[in-house]
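What follows is one structure encoded as structure tokens, with my remarks underneath.
All of the numbers you see were taken from the coordinates with simple rules; none came from a lab. Worth saying up front: this structure is predicted, and the values here are computed from it rather than measured. Cβ coordinates were reconstructed from backbone atoms using ideal geometry, including for glycine residues, and neighbour counts include every protein chain displayed.
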Amino acid sequence: MSSTDRRLVLRPAEPDDADEVAGVYLAARRAAAASGAMPPPVHPDHEVRAWLAARTAADETWVAEQDGAVVGYARFTAEWLDDLYVHPDHAGGGVGSALLELVRGLRPGGFGLWVFESNAGARRFYRRHGLVEVERTDGSGNEERAPDVRMVWPDPA
């Protein structure tokens, strides 16, 4: 791919992608915490990197690549979209939508996800893509102890 080629490539993650996947996660979480959309991280970077390397190898993980760099990723299981993160430098450019559409295509029977209640932008994004809020919690079940919302696709109605 040439340096001027801005095509977005979606592909299954490989073990060598783990460091870039973690970099996307850490940058996105920091930006979200700084804006108040998400609570601050509860684990140091080295623990996050080790955990994500293991999860990326165990779960189905796809990366979005542009100009040879990982700019976003989706990590999911048979029933849950556990992660969908886009590097803040690439937010708003369709990366998240492309990844979500990929997951919807690979999980046509549906899936659920959890999003922090405070993350209004993510909740709007998921609603725009047809996900429905079906449950709210006080956050006592997550490490951050922050209220969250369970969303599902397709609409259970």
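Quick look at the numbers
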quantity	calculated
Inter-centroid distance (Cα atoms) of the range 71-103 relative to the range 12-57, Å	13 Å
Environment charge of Pro39, counting only residues whose C-beta is closer than 13 Å and scoring Lys/Arg +1, Asp/Glu -1	-1
Hydrodynamic radius of the range 8-157 per Kirkwood, over alpha carbon pairs, in Å	15.6 Å
Ranked by how many other beta carbons lie within 10 Å on average, peptides 77-88, 126-137 from highest	77-88, 126-137
Highest average packing first - 7-13, 114-120, Cβ atoms within 10 Å	114-120, 7-13
